[in-house]
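The values are calculated or read from the model by the stated rules, or taken from the named source; none is laboratory data. Predicted, not measured: the structure shown is a model, and the values here were computed from it. Here the Cβ positions follow ideal geometry from the backbone for every residue, glycine too, while neighbour counts run over all protein chains shown. The protein model used for the area step is the full one, side chains on, heavy atoms only, and it has no ligands, DNA or RNA in it. Shrake-Rupley method; radii C 1.70, N 1.55, O 1.52, S 1.80 Å.
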Amino acid sequence: LKLKLISNSPQETEKFGEKLAEFLKKNNCRSKVIALYGNLGMGKTAFARGFMRDFGFKGIVNSPTFNILHEYCIENIVIYHFDMYRINSLEDLESTGFFEYIDNSILIIEWSENIENFLCKDVIKVKFSLGENILERNIILEGIENFESFSV
Ligand SMILES: Nc1ncnc2c1ncn2[C@@H]1O[C@H](COP(=O)(O)OP(=O)(O)OP(=O)(O)O)[C@@H](O)[C@H]1O
Ligand SMILES: [Mg+2]
């Protein structure tokens, strides 16, 4: 099952991130992998920013490109924001702590293409691509069984 969305602005992409967070909270989800796909500047971080904000994070959210991982502590919950741009091997991935977090935390992962082989089946995939103009992005959501509660 897929949900196709069109975003017409960075703000709208953030809004979609908020919607996904809302959905997880409503389902009392305490462990989930959100795998983001798409090229440079497609809006993965914008989406993650909205996601984090909806969980109540008040600080700055940017790409963890150089440090690979940002950890956001929000009251009683921790969300791990990964950027796999520089991850090329299992050794690299192990060194990030990914396998320690994966079963008991919420992870949101940019450049999931690079770790595709290590993702389990029940991840939520969010795929970004360029739309028909400079402010448009096509966003495809996969891995949610019931999109009813995901009205946008
Ligand atoms: N509809 C849109 N949604 C999201 N971003 C948009 C949109 N239209 C234009 N933009 C611009 O595209 C860029 C998206 O940047 P963002 O950091 O979210 O991308 P990214 O996918 O995380 O890239 P990277 O792989 O470099 O981390 C921003 O400069 C933003 O202003
Ligand atoms: Mg980014």
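Just a few scattered comments:
- Only beta bridges with both residues in the chain are counted; by DSSP, about 60 percent of them are antiparallel.
- Mean accessible surface per residue for region 36-152, computed with a 1.4 Å probe while every protein chain stays in place, in Å²: 53
- Sum of -39500 (n - 2.57) over DSSP H runs of 4+, divided by residues of the chain (222 nm, nearest 500): -7000 deg cm²/dmol
- In summary, the aspartates and glutamates within cross-link reach of Lys58, defined as a Cα separation below 12 angstrom excluding same-chain residues under 8 places away, comprise Glu75.
- Charge dipole magnitude, Cβ of K and R +1, D and E -1 - region 69-115, Cα centre, debye nearest 20: 80
- Of the GluC sites (Glu not before Pro) found in region 27-127, the ones in coil according to DSSP and having at most 12 other Cβ atoms within 10 Å of their Cβ are Glu75.
- Summing Lys and Arg as +1 and Asp and Glu as -1 over all other residues whose Cβ lies under 12 Å from the Cβ of Ala48 gives a net charge of -2.
- When peptides 129-135, 64-70, 10-16, 44-50 are sorted by average Cβ neighbour count within 10 Å, with the highest value leading, the order is 44-50, 10-16, 64-70, 129-135.
- Basic side chains Lys and Arg get +1 at the Cβ, acidic Asp and Glu get -1 at the Cβ, and with that the dipole of the chain about its Cα centre reaches some 440 debye.
- Of the solvent-accessible surface of the chain, computed with a 1.4 Å probe and all protein chains present, 48% belongs to carbon and sulfur.
- In a DSSP loop and with at most 16 other Cβ atoms within 10 Å, the trypsin sites (Lys or Arg not before Pro) in region 82-152 are Arg86, Lys121.
- Cα pair distances in the chain, grouped into 5 Å bins until the bin that holds the longest one, percent each: 2, 9, 21, 24, 22, 15, 6, 1, 0
- The chain, relative contact order in percent, only Cα pairs under 8 angstrom and at least six apart counted: 36
- Its Cα gyration tensor gives region 60-135 an equivalent ellipsoid; the semi-axes, largest first and in whole Å, are 21, 17, 14.
- Based on C-alpha pairs under 8 angstrom that are at least 6 apart in sequence, region 89-140 has a relative contact order of 20 percent.
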